[in-house]
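Here's the structure we're looking at; comments come further down.
The values are calculated or read from the model by the stated rules, or taken from the named source; none is laboratory data. Remember, predicted model here, so these are calculated numbers, not experimental data. Note: ideal-geometry Cβ built from the backbone for every residue, glycine included; neighbour counts use all protein chains shown.
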Amino acid sequence: MSRVLVVTETSRSNGEFRRPWVRARYAAHVNRYRRAVEEAVSLLAPGNDVTLLAGRELVDRQTLPAGVHLRLYDEESFKAEADPLTELGSRLIGAWWPRRETEPALSVNGVWLPDLLPVAKGILLRLDVLESLAALERVMDDVKPQRIVLLTGASTAERVARAFGEDRGISVKTATWMLMPFVFARLSRWLRSRQERNVVHHMHRQTRRSGPTPAGRRRIVLSVCQTRHFEVVEPLSVSLRKAGLTTTVLAAYVDDETTPIESAIRARMRRVEAAGVPCAYFMNYVSPVDARRIVRELWPLQRRLRRRLKADPEYESLSRHGSVRLAKILRPFAVDAINQSLVISRLYLESARRALDALSPDAVVIASDRRYAERALALVARARSIPTLLFWGSSLLSRDRINTFDVADRLLLIGDDVRAAMVEQGIEPRRLTVVGDPRSNVARLEDRTVLRERIFTEFELAPDRPLVVLVSKYVSVLFSPEEKEAFYRTVAGAVDRLGQVNVVIKVHPNERLPLLRDQVREWGWRDAILIQSYDIHRLFRAADAAVMVTSMAGVEAMAMECPVVAVQTRGKDFEGDYMPAYVSEAAVARVDMGDADGLAAALAGLVSEGPTRDALVARGRTFAARYLHPVDGRLTERLVGVVAEVEAELAARASVERP
C-alpha cells in the first residue's frame, strides 16, 4: 500500500468575482472540479492510503470514497504559527531587491523605496502563497507521502506542492487536464495586478485642488487610507482642533473617484471639513506633469530590476524555504512589485515630501502602517526628525503578523491586551501608550434611547421590534463561499422562525455592496437592509443583539453591552492562536451553521430583558475590558504629551550625534 497525497487548488484568496457571468462560470468550474476530485480520488483509493488536501468549496465530502483522509486548507491555516510565516515572507520579499549599495537609485531623499512595500506585499504573499505552503508542509510532514498527485497543476498551491515533492525526491504527477483551472488561475493573477495598475492610472488622472495652507502652531497632520480610519481620525482631529491645534487630514487615493469606496472617503472628508478641519489628498501636492515625469524617470531602474530577477543567482538562492526552490513561483509577484508597486511608492513618497514642505507639521499621526501612502508619510517625517505616531485602532494584532510597527516613534493603542501582545512581539514598552478607543467612546457618550430612535427612523425600522445587527464576513482562503451562504441562510431562517425582528446587515469594508445585495436576495432574504459605511459602534450601542461568525467587531459589540451570537461552521476552530477566545471563554453564545432553530432560540433569550441576556452582557463586558480601554477625556492632552516626549528624545539624540 502506497501513501498518496492528492492536492487541489485552494479556495479563492481574493474574494468573489464581481460580474455575474464570471461568477456563473466559476460556479460551473467548481462543480466540474468537484467531480474531477471525486474521480481522481476514486481511482487512487483502492490499494492506497490516500490523503486529500483541498479547498473547502472544491470537495463534496458525501462522495468521497471510504478511507480517504480529508484535510482542508482553511483548517490547516488556522493551525499555522504566525511568526515563522511572517519571517519567511519578509525574507522572500527582501530577495526581490538588490543590496542597497548596488542600486542607489532605490534610495530617494534618505528613504529606501522597498521599505514602503513589505506590509502590503507581505499580505499578498501570505494570502496567495504562504498559507497554502504552510498547509502543505504540515500535511506532508504528517502523512510522509510516497507519491503526490496534483489534480491539474494549474494553481499556485499545486506548484508549491510540486516544489516540495521535487525537493524531497517524491514522485509528482498530474491527475487530469482541465482548461478552466488554468483560465481562473491566470485571471486571478491578472486581477491582482490590475488593482495596482488602476491605482497608478488614477493617480495620474485624479482631480487636483490646492492643498490647505497651515496657520498657527502647533500643527498636526493625520492620514487616512480607508473609510474606517475616519472612525479614529474624525473624533481625534476635531478634538485637536478644539484644543487649539492646527490639524490637517491627508487622504490616500484608493480607486476611481466614482467607486463606492472613494465616494465614501470623499463624503467623510466633507464631514471632517464641515467640523472645521481642512482635508486634502496626498496627490494634491504633485501635479500630473510631475507625476508623469517621475514615472518616466523610474523606467531605467525598473528594467535593471527585472533583468536581475533572471540573471542574478542571489535572487534564486534567497527565494527558498529551506531547500525548497520558490523563485519561479514568486517571480510574477516580484515583477508586479517592480512594475506597479514601485511606481505607487515613488509617487506617494514625492507627495509626502511636498505635503510636509507645505504643512510644516510638528507631528504626524498615521492610522495604519500597511499602506504605501502612510508608510511614505511616516518615513519622510522621521527622516526630518518630525515626531511620528501610529494610532493602532485595533484591539488585537492581526492574524498574519505582517505589521512591522517600524515607521513610528510611538504607538497609541486602544487596549491593554494588544499592548501586552506587542511587548511579547518584541516592541519596546516605552514606545507603547494606551489611550483608549475614541470610536466607542463617542458612541458610549450618546444617550442610547435618542440614538436608537434616530437609527430606527433613519433605516425605517419597526419601532416595536428588537434590532439585531448581522456582521458580514468576506470570502477568503479561511472562509469559503459555501460557508458564507450557509451563514446567511442560517440567520435568515432564524429570523423567519423568530418573527417580529429588525435586522441590519453591516457589510465588511472589503466586500462589494452591490454583489452582496444580489447574493442576499438569491439566498431568500429580499427585504434585508445592508449598510457599509455607518458607524458600527453606534449600531451596537442601539442594538439588542449581534450575530457574526468571528470578528474583532465581537469585542466592540460586547464593549457596547450588546450580546453576541457566533454562528460558526460545525467542528471548525475560528480562534486559532490570534483571535479573541470569546467562544471558548463563553463570552458569546455559539450556534452551528445550519441550525436555524438553535439560533432562533438563542436570539429569543437575548432580544428581551431577562437573566439570560443579563448574564451574557456581563460576561461580554468583562471579556471586552481587556481589549478596549475607556477614554478618560484627556486624549488630546495625552497625544500632545507623547509628542513632547518624542521631541525631547529626538533633541537629545541630535545633541549626542552633533560633533
| remark: Those residues of the range 70-79 which are over 18 Å from the mean Cα position of the chain (by Cα) and of a type outside the set (Asp, Glu) amount to Leu70, Arg71, Leu72, Tyr73, Lys79
| said: Looking only at residues that are buried (at least 20 other Cβ atoms within 10 Å of the Cβ) and within 28 Å of Ser394 (Cβ to Cβ) in the range 204-225, which one is modelled with the lowest pLDDT? | reply: Cys225
| query | Looking only at the range 297-316, which residues are at pLDDT 95 or above and farther than 18 Å from Lys121 by Cβ? | reply | Glu297, Trp299, Pro300, Arg303, Arg304, Arg307
| message | Against the conditions (1) assigned by TED's automatic domain parsing to the domain that holds Asp535; (2) touching a residue at least 40 places away in the same chain (Cβ under 8 Å); (3) not aliphatic (A, V, I, L, M), where does Thr433 fall short? Just the number, please. | response | (1)
| query | Inside the range 101-110, can you point out the residues that are modelled with pLDDT of 90 or more and either crowded, with 22+ Cβ neighbours inside 10 Å or out of contact with any Leu (no Cβ under 7 Å at 6 or more places or on another chain) (or both)? | reply | Glu101, Thr102, Glu103, Pro104, Ser107
| Consider Ala408 against the criteria (1) surrounded by 22 or more Cβ atoms within 10 Å (Cβ to Cβ); (2) part of a helix (DSSP H, G or I); (3) at pLDDT below 95: it satisfies all of them except one. Which criterion is unmet? | (2)
| message | So Pro65 passes all but one of these: (1) over 24 Å from Val119 (Cβ atoms); (2) in a helix (DSSP H, G or I). Which condition number does it fail? | response | (2)
| note | Checked the range 69-91 for anything among the hydrophobic types (A, V, I, L, M, F, W, C) and modelled with pLDDT of 95 or more; matches are Leu70
| When the range 605-652 is examined, which residues are found to be among the small types (Gly, Ala, Ser), farther than 27 Å from Asn441 by Cβ and surrounded by fewer than 16 Cβ atoms within 10 Å (Cβ to Cβ)? | Ser608, Gly610, Ala648, Ala651, Ala652
| query | Out of the residues in the range 545-570 that are touching a helix residue (DSSP H, G or I) at 6+ places or on another chain (Cβ under 8 Å) and in a helix (DSSP H, G or I), which is modelled with the lowest pLDDT? | reply | Ala553
| request: Test each condition in (1) in contact with a Leu (Cβ under 9 Å, 6 or more places away or on another chain); (2) part of a helix (DSSP H, G or I) for Glu483 and report the one that comes out false. | output: (1)
| query | Applying the selection to the range 43-58, what residues are surrounded by 21 or more Cβ atoms within 10 Å (Cβ to Cβ), outside any helix (DSSP H, G or I) and in contact with a Ser or Thr (Cβ under 8 Å, 6 or more places away or on another chain)? | reply | Leu52, Leu53, Ala54, Gly55
| query | Can you find a residue in the range 20-42 that is in contact with a helix residue (DSSP H, G or I) (Cβ under 7 Å, 6 or more places away or on another chain), part of a loop (DSSP other than H, G, I, E, B), at pLDDT below 90 and not polar (S, T, N, Q)? | reply | no
| note | Matching residues in the range 411-463 (over 23 Å from the mean Cα position of the chain (by Cα) and assigned to a helix (DSSP H, G or I)) number 19
| task | Determine whether Glu166 is within 16 Å of Val4 (Cα to Cα), modelled with pLDDT of 95 or more, of a type outside the set (Ser, Thr, Tyr) and touching a Leu at 6+ places or on another chain (Cβ under 6 Å). | result | no
| query | Is it the case that the range 391-405 has a residue that's crowded, with 23+ Cβ neighbours inside 10 Å, modelled with pLDDT of 95 or more and within 16 Å of Thr433 (Cβ to Cβ)? | reply | no
| helices (runs of 4 or more DSSP H) wholly inside the range 79-185 containing at least 2 residues that are of a type outside the set (S, T, N, Q) and over 21 Å from Arg56 (Cβ atoms) | 82-94, 118-125, 156-168
| field | Count - residues of the range 335-368 that are more than 30 Å from Arg307 (Cα to Cα) and among the acidic types (Asp, Glu) | value | 2
| request: Please enumerate the residues belonging to the range 486-522 that are assigned to a loop (DSSP other than H, G, I, E, B) and modelled with pLDDT of 90 or more. | output: Val501, Val507
| message | I'd like to know if the range 180-203 contains one or more residues that are over 30 Å from Thr8 (Cβ atoms), of a type in the set (S, T, N, Q) and modelled with pLDDT under 85. | response | yes
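So how many residues does the range 170-198 have that are among the small types (Gly, Ala, Ser) and within 19 Å of Val6 (Cβ to Cβ)? Let's see the steps before the verdict.
Step one: of the range 170-198, the residues among the small types (Gly, Ala, Ser) are 171, 175, 185, 188, 193.
Okay, now just the ones that are also within 19 Å of Val6 (Cβ to Cβ), so 171, 175, 185.
Summing the residues that are among the small types (Gly, Ala, Ser) and within 19 Å of Val6 (Cβ to Cβ) in the range 170-198 gives 3.
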| query | So which residues in the range 264-294 are assigned to a loop (DSSP other than H, G, I, E, B) and surrounded by fewer than 22 Cβ atoms within 10 Å (Cβ to Cβ), if there are any at all? | reply | Ala275, Gly276, Pro278, Ser287
